[in-house]
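Just so it is clear, none of the values below were taken in a lab; they were calculated from the coordinates. As the structure is a computational prediction, the values presented were derived from the model and not from experiment. Glycine also receives a Cβ, built like all others from the backbone with ideal geometry; neighbour counts cover every protein chain displayed.
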Amino acid sequence: MKEKLPGLFDIVFHFEELPINGDPLIVLDKVIPWEEFRPLLNKVRKRNDEGRGRPSFDEIVMLKVLVLQALNNVSDDRMEFLLKDRLSFMRFLGMKNERSVFPDAKTIWLFKEKLKEAELMPKIFYWFNRYLEKSGFKVSEGTIVDATILEVPKQRNTKEENAQVKKGEVPSEWKKNHNKLYQKDTDARWTKKGNCSFFGYKNHIAVDPKSKFIREYHVTSANVYDGVAGIELLKNRTKLYADSAYRNCDEFMKELKKKNLVDKICFKGYRNKPLKEKGKKINTKIARIRSRVEHVFGDMKSFSNKMIRTIGLERAKFQLGLINLIFNFRRFGVVRNIV
């Protein structure tokens, strides 16, 4: 049987037949004020590039590409393929023409680097937080502070190399081989949680207990103690909810009193000194509120798989800032209840 050649409007018909119900990207496309990010994103456009060579990709399109990449937790090369393969991705980007040109892996990488160097991700994140407040999601009286570990690919170093990295030095062998040096993460650290070891970074967040939006975030290496990093998240709220790890940090508790925050931190029992019944009841009341932060981490895990594909602290800050922003995007889509 003779194969039928594709028609001129075949791709248009494909988009018309593509279901709307069940596509979460439709929700994001409708509820997020994408165009409002343009003034910030325009800062990464080079003036001397205008009118030379191929026109650069639209900044809003590139931001949407980064959202798609983080939601699917894929590399730049894989993202390049998926953009050309998924009709739902094309629809989300507004590229419904068979002649549409998609950004390649190098373009995606360069855009992320430009945003990182301009330190725009925190500005985008906090701009959207202000937009949430204008939309009626005011900051409530309390805040929940917690942290989660996100792993990065493990480094296969010798004991001598690891010792030098911990001192903040670069091993001489790495200096001689630039390709090897660029693949080494000298900022990520090992830490233990329970009986398991993890290598990577920590995403410290402050969550609104009422709306569950992330209000503040701070990124560190995985070995930084939660209480020490948590100081960066303390704002002038009324109540602070946290697990017992924060109570063990003297610096954190001093800052808590300094800001006159109501202590809603869980208590912890110790060997030969178990928690009394009163302490257990207090913990139960606190846990009802504090547990909401686990819903946030659970949603993040559903698309990030608790792993990031970056090298170095600055790129980790960018990527985790993007993940936090995407959570707020998704949460905003849920509370708006638009399908």
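So the values come out like this:
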read-out: Formal net charge of residues neighbouring LYS167 (Cβ-Cβ distance under 14 Å; K, R +1; D, E -1); value: -1
read-out: Options TRP174, VAL334, THR284, ranked by Cα towards positive dipole end of the chain, top entry (Cβ charges); value: THR284
read-out: Quotient of C-alpha Rg and 2.2 N^0.38 Å, computed over the chain; value: 1.15
read-out: Cα long-axis angle, helix 105-117 against the chain (0 to 90 degrees, to the nearest 10); value: 40 degrees
read-out: Computed magnitude of the charge dipole of segment 128-203 (debye, nearest 20; Cβ of K, R +1, Cβ of D, E -1); value: 180 debye
read-out: Only Lys, Arg (+1) and Asp, Glu (-1) charged, at Cβ; the chain dipole about Cα centre in debye; value: 1520 debye
read-out: Total lysine pairs under 17 Å (Cα atoms) in segment 70-148, excluding pairs fewer than 8 apart on one chain; value: 7
read-out: Given charges at Cβ of Lys, Arg, Asp, Glu: the chain dipole, positive-most of ASN203, VAL293, MET95; value: VAL293
read-out: Dipole magnitude of segment 139-180 about its Cα centre (Cβ charges: Lys, Arg +1; Asp, Glu -1), debye to nearest 20; value: 440 debye
read-out: Gaussian network model of the chain, springs between alpha carbon atoms under 10 Å - residue of GLU161, GLU294, GLU113 with greatest fluctuation; value: GLU161
read-out: Among PRO274, TYR225, TYR241 - extreme Cα towards positive end, dipole of segment 225-320, charges at beta-carbon; value: PRO274
